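So the structure is just underneath, and the comments pick up after that.
The values are calculated or read from the model by the stated rules, or taken from the named source; none is laboratory data. None of these values were measured; they are calculated from a predicted model. Here Cβ is always computed from backbone atoms with ideal geometry, including for glycine, and neighbour counts include all displayed protein chains. SASA here: full protein model, heavy atoms, side chains in, ligands and nucleic acids out. Shrake-Rupley method; radii C 1.70, N 1.55, O 1.52, S 1.80 Å.
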Amino acid sequence: MNAMHAGEKPPPGLTPSHAIGFGIALAAVVAAVWLPPLGGLKPEAQRLAGLFIAGLALWITEALPIAVTALLVIAAQPVLKIATMGAAGAGFM
C-alpha cells in the first residue's frame with residue numbers, strides 16, 4: 001500500500017467515512033418519517049430533526065461537497081413537507 005504524501009489528494013471514490021455518512025443520513029430521514037412523533041413533537045418538527053441529523057452527517061463526513069449538502073437540505077424541506085420552497089430558501093434571497 002502506498003502512503004500519501006502531504007498535499008496529495010486521496011483517490012476518488014466512496015470511502016468508508018462517506019459510506020457511514022450516507023448511511024446515517026438515510027437512517028435519520030427514514031426514522032424521522034416512519035416513526036411516530038416522539039416526545040410530543042409535531043410531525044413536521046420530527047422530520048426537520050431527521051433532516052438536520054442527515055445534513056450534519058453529510059457535512060461532517062464530507063460524503064457530499066458542503067455546497068451540495070446545503071442545497072440538498074433546502075430542497076428536501078418541501079419534499080418532506082417541512083416548509084414551502086419559498087420559506088426554505090427565504091434566508092438566501
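From the list A88, A25, which one is of a type outside the set (S, T, N, Q) and at pLDDT 95 or above? Walk me through how you get there before you give the answer.
Details: A88 fails: at pLDDT 95 or above.
None of the other options fit; the residue is A25.
Looking only at the stretch 12-69, how many residues end up being under 20 Å from A83 (Cα atoms) and among the β-branched types (V, I, T)?
6
Assess whether L64 counts as being within 10 Å of the chain's Cα centre (by Cα) and outside any helix (DSSP H, G or I). Step through it out loud before you land on a result.
Details: within 10 Å of the chain's Cα centre (by Cα): yes; outside any helix (DSSP H, G or I): yes.
Judged against the criteria, L64 is a match.
What residue, of L56, L35, is among the hydrophobic types (A, V, I, L, M, F, W, C), open to solvent by 40 Å² or more (accessible area, probe 1.4 Å) and under 16 Å from the mean Cα position of the chain (by Cα)?
L56
Restricting to the stretch 79-93, name every residue that is part of a loop (DSSP other than H, G, I, E, B) and surrounded by 10 or more Cβ atoms within 10 Å (Cβ to Cβ).
L80, K81, I82, A83, T84, G89
Can you tell me which of L14, L35, L26, L41 is closer than 17 Å to A57 by Cα and without any contact (Cβ under 8 Å) to a residue 24 or more places away in the chain?
Details: L35 fails: closer than 17 Å to A57 by Cα; L26 fails: without any contact (Cβ under 8 Å) to a residue 24 or more places away in the chain; L41 fails: closer than 17 Å to A57 by Cα.
When all the criteria are applied, what remains is L14.
Filter the stretch 59-78 for residues that are under 20 Å from P12 (Cα atoms) and either of a type in the set (A, V, I, L, M) or open to solvent by 90 Å² or more (accessible area, probe 1.4 Å) (or both) and give the result.
Selection gives W59, I60, E62, A63, L64, I66, A67, V68.
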